[in-house]
Amino acid sequence: MYAGRKSNGRLSADDLDDPRIPEHGTPGWYTVNARMQWDVSRLLQLQVAMENILDQLYREHGSGVNGPGRNFIVGIQCTL
């Protein structure tokens with residue numbers, strides 16, 4: 001996932017007045033993610049994922065909340 005830098009020239013009037021957005025706009029960011037699914041059988045699937053592998057600090061534009069650090073996801077799906 002990624003987002004490009006948003007400079008003042010690209011911000012809306014509402015964004016320019018938003019205290020969550022720095023004076024010169026918001027910086028760009030990226031995360032590196034990996035997902036894998038394994039079909040164990042016709043009825044059983046195993047999913048694993050690692051998000052934000054590089055543990056980058058980032059914030060969605062105007063959200064006011066930093067994104068999560070590195071995280072791991074494991075899932076099992078059984079179709080009966």
(message) How high is the relative contact order of the chain? Use alpha-carbon pairs under 8 Å, at least six apart in sequence, and give a whole percent.
(response) 27
(message) Rounded to the nearest angstrom and ordered from largest down, what semi-axes does the equivalent ellipsoid of the chain get from its C-alpha gyration tensor (root of 5λ)?
(response) 38, 12, 10
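Tell me the net charge near residue 26. Cut-off is 12 Å between Cβ atoms, residue 26 excluded, with +1 for each Lys or Arg and -1 for each Asp or Glu.
On the way: positive: 5, 6, 10, 20, 59; negative: 15, 18, 23, 60.
Once all neighbours under 12 Å are counted, the net charge is +1.
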(request) Just flag the trypsin sites (Lys or Arg not before Pro) in the stretch 3-51 sitting in loop per DSSP whose Cβ has no more than 14 other Cβ atoms within 10 Å. (result) 5, 20, 42
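In whole percent, and with a 1.4 Å probe on the protein chains, what portion of the accessible area of the chain is carbon and sulfur?
57
Determine the per residue accessible area of the chain with all protein chains present and a 1.4 angstrom probe, expressed in square angstrom.
Ligands and nucleic acids excluded, the result is 77 Å² per residue.
The values are calculated or read from the model by the stated rules, or taken from the named source; none is laboratory data. From a predicted model like this one, the values you see are computed outputs, not experimental measurements. Positions of Cβ are backbone-derived with ideal geometry, glycine not excepted, and every protein chain shown enters the neighbour counts. For accessibility, only protein heavy atoms count, side chains too; no ligands or nucleic acids. Shrake-Rupley method; radii C 1.70, N 1.55, O 1.52, S 1.80 Å.
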